[in-house]
Each structure stands twice: as C-alpha cells, then as structure tokens.
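Engineer: Can you read through this structure? Questions will come right after.
The values are calculated or read from the model by the stated rules, or taken from the named source; none is laboratory data. Only a predicted model underlies this, so the values are computations on that prediction, with no experimental measurement involved. As a convention, Cβ positions derive from the backbone with ideal geometry for all residues, glycine included, and neighbour counts pool all protein chains shown. These accessible areas exclude ligands, DNA and RNA; they are computed on the full protein's heavy atoms, side chains included. Shrake-Rupley method; radii C 1.70, N 1.55, O 1.52, S 1.80 Å.
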Amino acid sequence: MWKAVRTGAAVMAAAVLAVTVAGCGADEPTAGADEKATLSYAVWDKNQVPVMEELAAAFTEDHPNITVEVQLTPWADYWTKLRAAVTGGAAPDVFWMNGPNVQLYADNGVIMPLADKVAEAKLDLGVYPKALVDLYTFEGKIYGLPKDFDTVGVWFNKELFDAAGVKHPAAGWTWDDFKAAAAKLSNPAKGQYAVGANIAGQEYFYNTIYQAGGNVISADGKKSGYDDPATIEGLRFWTDLIKNKQSPDLKTMTDTHPIQLFESGKLAMYWGGSWNVTEFGNNEYTKTRVDAAPLPTGVKQATIIHGLANVVSAKTKYPAQAWEFVKFLGSKPAAEILGKKGPIPAYTGTQDAWLAANAKFNGKVFLDAVSYAVPYPVSRNTAAWNDEEFKQLTKAYTGEVPVEQAAKELATQMNALLAKE
Amino acid sequence: MVMTEEGIAAGRAAVPAPAPGGRARRPRRWTAEAGWAYLLIAPTGLGLAVFYLWPVLQTGYFSFTEWGPFGGHEWVGLDNYRALAADAEVRQALVNTLLFALLGLLGIPLAIVFAALLNRPKLRGVSVYRALFFIPVVTMPVAVAMVWRWLYNGDFGLVNQLLSVFGVEGPHWIADPATALYALVAVCIWAGLGYNIVVFLAGLQAIPREFYEAAEIDGAGPVAQFRRVTLPLLSPSIFFVSVLSVIGSLQLFDLVYVMAGSGQAARSNPAMPRIQTVVGLFYDKAFYTNDRGYAAAIVMALLVLIVVFTAIQFRLQKRWVHYG
C-alpha cells in the first residue's frame, strides 16, 4: 500500500506544483491571433513527433510570432498525466484527443467548443469523413478538427493461404467465405490457427456486431445494444471460432499476443488497422508475406472508423493563437505533410501521399472502407463500460457462460453505468 | 531488522558472562543527548511525515469523498464503505490476497532449510551461495516478473519445455485460473528467499556452539538439536520474517501487475479474477476507472487489515518466540 500511497502523493505533488506554476505566469490573455505566443502541443505517438515538429515549423513560418512546442507523453501515461494537468490548471494549449475521451472532456468544459470559430472562418467540415465529424460533435457542437483516421481490415498471410490452397480474401467476400477459409487454415494440433479472437472492440467484435446488424450503443448514447439478438450474433462469430479451435483460446492469447502469433506464422489472419502498416512493413517476417483485404460482409458491410482530432484547452491563455494552429493542422497543406510520414490524413483528397508511402501493401482497402464505416461507439464515460465489456466477455470467450447470458449481463451493467452519466 | 538484532543479542546474553544488571541506572543526562538524537532523525522524520503520514491522513479523508473526472471531490460520508462491503470483486481480491499471504509463509521453512545448509561449518564458498540466493532480492521486481512471464508461457515457455521432456503437458501457468495463483506464489517465495536466508543465517550464527555441545553431551541427536536448540533460538528471526512476509504479501502488486499481462492482455486474462490483489484493485479503481474516492476506501480497508494481522502476530508471538 505504501507504494500506492506514494504514487498518489506524487500525483498530488505534481498537481500542486502545476497549480503554483500556472499561478506564477498568470498574465492577461491576449486576444489577437498573431500576437506573440508560445503554444504547447501534447501528443502521445513517438513515431509522429518528427512530422508534428515539421508541421509546427511550417505553422511558425506563416505566423512568425507564434511558436509551438511539441510535448510527447507516451500513450500509457498520456490520459493520467493530462487529467492531473487539467486538474492543476496546467493543461497544454492544444492536444490530441480520441473518441472514447472526447465527450468526457467536452462535458466537463475542459476543451473549447469550436463551432462558432468554424462558422466564423467559414470552414467546410465536409472535407473530413462524416463519421469523424460526428465523433467529435457533442450536443450539436464540434469540439475538435479531425487530424487523421484509421479503419480496420483483414491482414492475411499469403504464404499460409497458398499452402492451404485457399483463395486470397478480396472485396466482396462474406462471413461464410471467412468461415470456410478459417476451417481450412486451422490445424490446432500444430498450433496453427486461422485468426486470434482477441477481446478487442475496435479491431474485432465491434466490427462484427455492426456487420451482423447490431449495435454497441444506441445512436443517442443512452442505451446499451448488447441485449440485441443481432449484436449477440456479432459476438458469437468470435466465440464460435474459439469453440471450433479456429482461434487459440484466451489463455494462449494472454501468454502470447495475437500479433506475435501472426508475425511468427501461427495465425493465417490478423484483424488489424491501417496503423499496422508500419509494424508489418518493418517486421522481417511479415514484410513480404502479408497483405490487407477488406473485412468480410455479414448481414451488411461495416468497419469501425476512428481518428484523432486536435482540440484546444478551454483554459488556454492564447485561445486565438491556439485556434489558428488547430485550423492550420486541419488544413489541406498540413494534411499533405502528415500523409507522407504519418497515419492516413483526415482531409479528403490528401490520402494519395499515404498510399504512395506504403505501396508495398494494398492500402487502398483502408481508404475504400470509409464509405461503409461506422463510428467508434462512445458515450460520456466510455472507459467505465469498456471495463465491463472485458469483464463479461472474458466469461463468454472462455465458454464459462453462454454468449447470450454474458451479453445480457453486459447490457444490464452498461445501462446502469449509462444512467449515471 | 530490530527483531533480528534483538535475537542476536539474546543469543549472546545467554553465554555465561558477567551479567550487565546490578549496576545502578545511569543518571538522567538525556536532555542534550536526546536533543542531538532528535536533530539527527529529523530529516527522516520529516520525510516520513510528508511522504507517508500526510498521504495516509489525506487518503483517509478521500475515502469519504467522491471524485470528479478532473479533480474536485465532494463528501459522501460512508457511501464508499457501504459499496465496499457489497462488492463481490473486493471480496474476491481479499480472498486472493489472504491466500497469497498464507501460501507465502511456506517460504519460511524453505529459507530455514537453506540457511541451515549454508550454516554448516565445513561448507566452502558460503559467500558465493549467499550471493546467488540474494540476487533476486536486488533485481528489479518488474524485470523479475518479465522473465518469469516468459518462463511460464504455456506454448513457448521454458517451464513447459522442461516438463515436455518428461512427457507432461504443462498448463498456461498464469492464464489458467486453476494454476495462476500458485504460479505467482512460487515466484513470490523465490524472490523473497534470499532475503529470508540472510536473516536466518545471521540468526543461526548467533547461536553459540556451546549449546550444541551441551545438547550433544545430554544425548541429543541432530533432529533433537534442531528442534530443542535451533528453532527456539531462531524464533525471533522467524517471527520477524513472518511479520514482514505477511505485510509484503498483503501489499502485493507489481509482480501480479506485470505477470498477469499488461494492458489489454491482463483485462482478458481468464485467470485475472483469481489473482487480482487488493492493491491491484486499488490501482485499477484509482488510475483506470478514475474512482479515486472508492480506491481510497479500498486501501484504508487494507490498512486496517494489515494492522489487525500484525497485531495478531505480535499477540501470538508470546506463545512461541523466545528471546533467549
């Protein structure tokens, strides 16, 4: 317990320090968009720091009075640290936001609504995928300008498909095709499986839930969709794979993550995101052996789309300059810089640079997916019911309780949590 | 260490020697002396007060509050404790933690055996063995946990490779609800073994040889010597180690946190409900689901538990601990 208390004390000390520091520098907020300012810009991806710095430099070229300091906090600590900073009144001026967190931050007045500024600047939000604009819209107001996006596809091992004599997956393939292929690609005695049914929403069960015609959360974000029979079918897709030994069981995947199994040729398929291009492009084994295909179609075609947005702290000393920077980051020239070295830029029509940079894979799969993509399901306190998903679904995936029962229990728990929001 | 020192001192005092009693008490010259003493312990005392005592008090206060997502808390009285009493997850974590504490005590006889072996008069290279046993103690727990995580891997781990030589198919040690707790206990015992051995070795070496000679003359064999001489005179060390071992087990966190799998892998580890400890649950509530008030209530309950257990141990020691 001492360790825990000490951590607590450290967090508190940090918060106290943050308050003091913030108190020292309390000059009057400046109004003009071009008045001298240094903005802090918090990000969590080390790989993207160089391109973020390049963007910051490009911005300073146009606005010589404003400099931007890119601050990296690794993903594992990003949200914990950000919360402590916000609590202590020392939030960065501009920072990365994701879907599961945006409503929590918007609802608590931590980030600035951008709707008026967007209208004033006559920005067209239609240049971004609609699902992303919706993701960052809370109570009718937009809170962030989309930066990039990712969709989900099936990464498959060409060598293993050829060895099993199975046709490579391609656009238009269905759940039935997937299941038929899975049966041929599995050889549990040799530790060889078709796919790893990982308990992960974004890459796995959220996709099949929407493909089955179900939903995770109602459109108004008030009701769980886990008691919907279609949703349950989407979950059964995965529990059946484990039951039929076409996927390793949870114990195996706890010991060795599916991505490691895929990268050592133990899995024929890996459901993953557009972000995996970097990983699979650098890995010696996967570099030449794998490619991407669209997700199979169930009752309908669906993939989860998610993307980050740049948001402005509600308490920033430089609201005008911060907005100016976010506006630049959301612009076409910024998107073109991002595409060459980073993830898929959100600005429509700038994705070719990303395709060219990742030409060894069929990256187009991820861009085409936007037309049938479903937004990442979120509510005001997403983390609370995400935790419940793990608790209940683990029991269904191990076969401890039938999937219907786990899903219904999950719906009950999730509805209780949603009622508290 | 206090108890061990006392044990050693007790052992020495038993040697026939001029007893230190009899002399008149020293005059009360302690004012200046005590002043110096307080001055010298002030830095530590201050550190303890600021970094231990104050957070404990604060945590106690927070356990009666509910936190907002971005700081700010309101008084909710006993709500957190009421929820705590009804929480099946907390109960399970409590049972797990007590099992860890109980099974962790098995490390004590093991350490005594090793210490006794190391204490054999003719053994060569004692310091090498001692160093070998002590290495896990000075290694970072996270590194230890990482290595064991690989060793225990159900499909590619060294443990199962070894078992397969004998035709045994080993389980997924830390992902199987039936084995996870025991696999972790084994690592805890292994990690603490070196420290305990050193304590016991010091205790053993403080037992005068004359006692054994006298026992031998009285016709006691090695077993009787161990039972009638070694164990009673080692009891202060045993007591000390058992108190520390129980407190350590009740606070168990890092080994489980790393070995159960990190992040998502831990959350879908089917064995998780069987190995979640009280401190693990505290961490989860405080930093993952951001329920800081409830987390504070969990650690306050743990604090009470530790105090109770330690008090029981001190109460029981009168029955079996001999200070010479």
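Engineer: How many angstrom lie between the C-alpha centres of the range A:146-199 and the range B:292-324?
Structural biologist: 54 Å
Engineer: Filter the cross-link list A:K167/A:K360; A:K391/B:K285; A:K266/A:K364 down to pairs whose alpha-carbon distance in this structure exceeds 22 Å. Show your work: numbers first, answer last.
Structural biologist: Numbers: A:K167/A:K360 20 Å; A:K391/B:K285 14 Å; A:K266/A:K364 26 Å.
Those over the limit are A:K266/A:K364.
Engineer: Could you point to the residue in B:A220, A:N386, B:A175 farthest towards the positive end of the protein assembly as shown's charge dipole, with +1 and -1 charges on the Cβ of Lys/Arg and Asp/Glu respectively?
Structural biologist: Farthest towards the positive end: B:A220.
Engineer: Within the protein assembly as shown, what whole-number % of the accessible surface is contributed by carbon and sulfur, with the 1.4 Å probe and all protein chains included in the calculation?
Structural biologist: On the way: 21620 of 35810 Å².
Its accessible area is 60 percent carbon and sulfur atoms.
Engineer: Let me spell out the model: positive unit charges on the Cβ of Lys and Arg, negative unit charges on the Cβ of Asp and Glu, origin at the Cα centre of the range A:292-421. What dipole size does that give, in debye rounded to 20? Can you show the working numbers first?
Structural biologist: Values: 14 positive and 11 negative charges, 97 e Å.
I would put it at about 460 debye.
Engineer: For the residue pair B:A86 and B:D218, what label-to-label distance in nm results when each label sits 7 Å from Cα along the Cα-to-beta-carbon direction?
Structural biologist: 6.2 nm
Engineer: Turning to a different aspect of this structure: Could you go through the range A:227-233 in sequence order and give the Karplus-derived ³J(HN,Hα) for each residue, using 6.51 cos²θ - 1.76 cosθ + 1.60 with θ = phi - 60°, rounded to whole Hz, and x for Gly and Pro?
Structural biologist: Ordered by residue, 3J(HN,Hα) equals 8, 6, x, 5, 4, 4, 4 Hz.
Engineer: Could you state the per residue volume, in Å³, of the convex hull enclosing the Cα atoms of chain A? Walk me through the numbers on the way to the answer.
Structural biologist: On the way: hull volume 62.9 nm³, N = 421.
With only Cα atoms used, chain A gives 149 Å³ per residue.
Engineer: For the range B:203-254, just say rounded, prolate or oblate: build the C-alpha gyration tensor, square-root its eigenvalues into a ≥ b ≥ c, call rounded for a/c under 1.5, and beyond that prolate if a/b exceeds b/c, oblate if not. List each step's numbers first, then the result.
Structural biologist: Values: a/c = 4.83, a/b = 3.26, b/c = 1.48.
Since a/c reaches 1.5 and a/b is larger than b/c, the shape of the range B:203-254 is classed as prolate.
Engineer: Suppose only helical runs count, i.e. DSSP H with n ≥ 4. What mean residue ellipticity at 222 nm does that imply for chain B under -39500 (n - 2.57) per run, divided by all residues and rounded to the nearest 500 deg cm²/dmol?
Structural biologist: On the way: 18 runs with 217 residues, N = 324.
Using -39500 (n - 2.57) per qualifying helix, the result is -21000 deg cm²/dmol.
Engineer: What accessible surface, in Å², does a 1.4 Å probe find on A:L355, ignoring ligands, DNA and RNA and rounding to the nearest 10?
Structural biologist: Number for this one is 50 Å².
Engineer: Tell me, how many Å apart are the Cα centres for the range A:76-110 and for the range B:176-226?
Structural biologist: Cα centroid to Cα centroid, the span is 53 Å.
Engineer: Taking the Cα centre of the range B:222-324 as origin and charging only Cβ (+1 Lys, Arg; -1 Asp, Glu), how large is the dipole, in debye to the nearest 20? Before the final figure, lay out the partial values.
Structural biologist: Numbers: 9 positive and 3 negative charges, 96 e Å.
Dipole magnitude for the range B:222-324 comes out near 460 debye.
Engineer: Oh, and also: Compute the angle between helix A:382-397 and the longest alpha-carbon principal axis of chain A, please, reported from 0 to 90 degrees and rounded to the nearest 10.
Structural biologist: Result, in degrees: 10.
Engineer: Ordering A:R380, B:R120, B:R149 by how much accessible area each has at a 1.4 Å probe, largest first, what is the list?
Structural biologist: Details: A:R380 65, B:R120 150, B:R149 40 Å².
Ranking A:R380, B:R120, B:R149 by accessible area, largest first, yields B:R120, A:R380, B:R149.
Engineer: Enumerate the helices in chain B for which the Kyte-Doolittle hydropathy averages 1.6 or more and the C-alpha atoms extend at least 30 Å along the helix's axis, using complete DSSP H runs.
Structural biologist: Details: long enough: B:180-205 (37 Å, 1.82); B:292-320 (42 Å, 1.18).
Helices meeting the span and hydropathy rule in chain B are B:180-205.
Engineer: Tell me the net charge near B:R274. Cut-off is 14 Å between Cβ atoms, B:R274 excluded, with +1 for each Lys or Arg and -1 for each Asp or Glu. Provide the component values of the computation, followed by the final result.
Structural biologist: Numbers: positive: A:K251, A:K391, A:K395, B:R91; negative: A:E400, B:E89, B:D176.
Net charge in that neighbourhood comes out at +1.
Engineer: Let me check I've understood the local charge: for A:K300, count other residues with C-beta under 15 angstrom from its C-beta, Lys and Arg +1, Asp and Glu -1. What total comes out?
Structural biologist: On the way: positive: none; negative: A:D176, A:D228, A:E233.
Within the 15 Å Cβ shell, the charges total -3.
Engineer: Something else: Measure nothing fancy, just the Cα-based angle from helix A:403-420's long axis to the longest principal axis of chain A, in degrees from 0 to 90, nearest 10.
Structural biologist: 10 degrees
Engineer: Ignoring ligands and nucleic acids, what accessible area does B:F51 show with a 1.4 Å probe (Å², nearest 10)?
Structural biologist: Here the residue's solvent-accessible area equals roughly 120 Å².
Engineer: Let me ask something else. Could you work out how far apart the two model spin labels at B:R120 and A:T38 are, taking each label as a point 7 Å from the Cα in the direction of the beta carbon, and quote it in nm?
Structural biologist: 6.8 nm
Engineer: Treating the beta-carbon of each Lys and Arg as +1 and of each Asp and Glu as -1, no other charges, what is the dipole magnitude of the protein assembly as shown about its Cα centre, to the nearest 20 debye? Spell out each step's value before the answer.
Structural biologist: Values: 62 positive and 65 negative charges, 621 e Å.
Computed about the Cα centre, the dipole is about 2980 debye.
Engineer: Now a separate question. Output the Cα-based Rg and Dmax of the protein assembly as shown in Å, rounding Rg to one decimal and Dmax to a whole number.
Structural biologist: Here Rg and the maximum Cα pair distance are 30.9, 103 Å.
Engineer: From largest accessible area down, sort B:W148, B:W54, A:W155; use a 1.4 Å probe on the protein chains.
Structural biologist: Numbers: B:W148 50, B:W54 140, A:W155 0 Å².
If we order B:W148, B:W54, A:W155 from most to least accessible, we get B:W54, B:W148, A:W155.
Engineer: List, largest first, the extents of the alpha carbons of chain B along their principal axes, each in whole Å.
Structural biologist: Principal extents (largest minus smallest coordinate, Cα): 68, 67, 32 Å.
Engineer: Ignoring ligands, DNA and RNA, how do A:L185, B:L233, B:L40 rank by accessible area with a 1.4 Å probe, largest first? Please report the intermediate quantities before stating the final value.
Structural biologist: Values: A:L185 15, B:L233 40, B:L40 125 Å².
Solvent-accessible surface, decreasing: B:L40, B:L233, A:L185.
Engineer: Let me have the 222 nm mean residue ellipticity of chain A computed from DSSP H runs of 4+ only, each contributing -39500 (n - 2.57), with the sum over all residues rounded to the nearest 500.
Structural biologist: Details: 20 runs with 200 residues, N = 421.
-14000 deg cm²/dmol, from helical runs alone.
Engineer: How large is the accessible surface of B:W75 in square angstrom, using a 1.4 angstrom probe and rounding to the nearest 10?
Structural biologist: 150 Å²
Engineer: Using modelled amide H (1.01 Å from N, peptide plane; none on Pro or chain starts), what sits under 5 Å from the amide H of A:I217, excluding residues fewer than 5 places away?
Structural biologist: Residues meeting the amide H criterion: A:G225.
Engineer: Relative to the longest principal axis of the C-alpha atoms of chain A, give the angle of the C-alpha long axis of helix A:175-185, reported between 0 and 90° and rounded to the nearest 10°.
Structural biologist: 70 degrees
Engineer: Using the heavy atoms of the protein chains and a 1.4 angstrom probe, tell me the accessible area per residue for chain A in square angstrom. Please list the in-between numbers first.
Structural biologist: Values: 17280 Å² over 421 residues.
So chain A comes to 41 Å² accessible per residue, rounded to a whole number.
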